[in-house]
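Q: Below is the structure I would like to discuss, written out as structure tokens.
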Amino acid sequence: MSSNVSGVRVLSGVFLISGTMIGAGMLGLPVVTGMAGFMPGILMTLLVWFFMYCTGVLFLEVTLWMPDGSNLLSISEKFLGKGGRFFSGGLFVFLYYCLMIAYFTAGAPLLAAAIGIAPSSWQSFILFGSIFGVIVAIGPKCIDRVNIILSVAMLLAWLALIGEGTSHVHMSYLAHTRWSITVLATPILFGAFGFHNVIPSLCAYLNRDKRALRIAVFGGSLLPLIVYLVWQWLIIGTLPQEVIAHTLKNGTTVTSAFRSVTGGGHIILIGNFFAFFAIITSILGVSFSMVDFLGDGFRWVGCGGWKRVGLTLLTFVPPLVLSGLNPNIFIMALGVAGGLGEALLNGLLPVGVFWLGRYAWGLESDLRWLGSRGVLVVLSLCAVFVILVEGRQLIRHVS
């Protein structure tokens, strides 16, 4: 391991990335991939993971070109000017508010059901936001400790769920394929594999040690990939196609559909625990980076006290209000976040700023094949394709 970063810190970085990725997107993922079938869904999952891992490494390289404490706004202004700063800042707010809305609409009902209040009431959203807003307001150390505990709990619940749910898997369900609609799952997949937002914060946490950071990025993205693959096997193998289609049409999470097929019991309790832990680890990672992002925008880098409380309120209040106004927006929020926000902000932007830094400004980089012009062009085209897919789906939804 690296000389100036301990293995425990690198492991914390792995859990921060994986916790950010394994979240509310997981509750919508098998619904959209299940329509295409297990094998098409697995193939598309692998391709999207590889794409997002590559752009994550590119964004890490760009971040390390910047001074310590730099975030997306500073990076965009340096490479793209004030217009680029404004555009990327708007994209960031759009993307992560969409994700926060998805986390609120999926997480607040689970918390409400656990304590016996109305799942879609304003009280449930306020309580949900207050609990985890306090954790974020306290600071990075509190987020780190809570995130590690919940990440371990999430993995244990996932293992228990897989063990209990295996008996419900039907091989005939896994054999279903509709290759022609496979690409429709890409927007949700992009949202499920997004982790780039935590990279600037992670650079400071791991003392800008490139080797430690690359280990954290690879391990942190690989763990969710494995979890997603097994999760899709379980859900697609358990739910009939008509149930998956009905769930997708209603825009709800997969846990309600799973309950109707398995008949309830303790497997549903395990499933709810897993879903809740997954959502919380995601909301902690996203809100952590959102507070840092807003701090960068207000020139309050590394702030504490009431300034951090104010940034936390700006992070939590808008999605809380929007979630309360439309509690059934889960699937749409994930699709828009992935197909537009992630594809632009975590797809095209890392490729573009790396190209400028490497080939226009001549900055040093030890990335070989990934930093080549041909690979960068292919990555850009893939991102544009996903944007077009989500745009087409939004047009169909509106019409």
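Q: Just checking, how many residues over the stretch 155-205 are within 18 Å of residue 281 (Cα to Cα), free of Cβ contacts under 8 Å to residues at least 60 places away in the same chain and among the hydroxyl-bearing types (Ser, Thr, Tyr)?
A: 0
Q: Out of the residues in the stretch 32-70 that are within 18 Å of the chain's Cα centre (by Cα) and of a type in the set (S, T, N, Q), which is surrounded by the fewest Cβ atoms within 10 Å (Cβ to Cβ)?
A: Looking at the filtered set, the residue picked out is 45.
A quick yes/no check of all residues on (1) in contact with a Phe, Trp or Tyr (Cβ under 6 Å, 6 or more places away or on another chain); (2) surrounded by fewer than 21 Cβ atoms within 10 Å (Cβ to Cβ); (3) not aromatic (Phe, Trp, Tyr):
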site	(1), (2), (3)
322	no, yes, yes
338	yes, no, yes
353	yes, no, yes
356	yes, yes, yes
360	no, yes, yes
366	no, yes, yes
374	no, yes, yes
381	no, yes, yes
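Q: Do we have residue 193 as crowded, with 24+ Cβ neighbours inside 10 Å, in contact with a Phe, Trp or Tyr (Cβ under 8 Å, 6 or more places away or on another chain) and not β-branched (Val, Ile, Thr) here?
A: Criteria met by residue 193.
Q: Only one of 186, 166 is within 18 Å of residue 389 (Cα to Cα), in contact with a helix residue (DSSP H, G or I) (Cβ under 8 Å, 6 or more places away or on another chain) and of a type outside the set (Phe, Trp, Tyr). Can you tell me which?
A: On the way: 166 fails: within 18 Å of residue 389 (Cα to Cα).
Going through 186, 166 in turn, the sole match is 186.
Okay, residues lined up against (1) touching a Pro at 6+ places or on another chain (Cβ under 7 Å); (2) surrounded by fewer than 24 Cβ atoms within 10 Å (Cβ to Cβ); (3) of a type outside the set (D, E, K, R); (4) not in a helix (DSSP H, G or I):
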residue: 91; (1), (2), (3), (4): no, yes, yes, no
residue: 102; (1), (2), (3), (4): no, no, yes, no
residue: 106; (1), (2), (3), (4): no, no, yes, no
residue: 110; (1), (2), (3), (4): no, yes, yes, no
residue: 114; (1), (2), (3), (4): no, yes, yes, no
residue: 117; (1), (2), (3), (4): no, yes, yes, yes
residue: 120; (1), (2), (3), (4): yes, yes, yes, yes
residue: 130; (1), (2), (3), (4): no, yes, yes, no
residue: 136; (1), (2), (3), (4): no, no, yes, no
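Q: Output the residues belonging to the stretch 63-118 that are of a type in the set (Gly, Ala, Ser) and closer than 30 Å to residue 270 by Cα. Full working, then the answer.
A: Step one: list which residues in the stretch 63-118 are of a type in the set (Gly, Ala, Ser), which gives 69-70, 74, 76, 81, 83-84, 88-90, 102, 106-108, 112-114, 116, 118.
Across the stretch 63-118, the qualifying residues are 102, 106, 107, 108, 112, 113, 114, 116, 118.
The numbers here are math on the coordinates, done by the rules we state, and not lab data. Quick caveat, the model's predicted, so the values are computed rather than measured. Cβ: placed from backbone, ideal geometry, glycine included. Neighbour counts: every protein chain shown.
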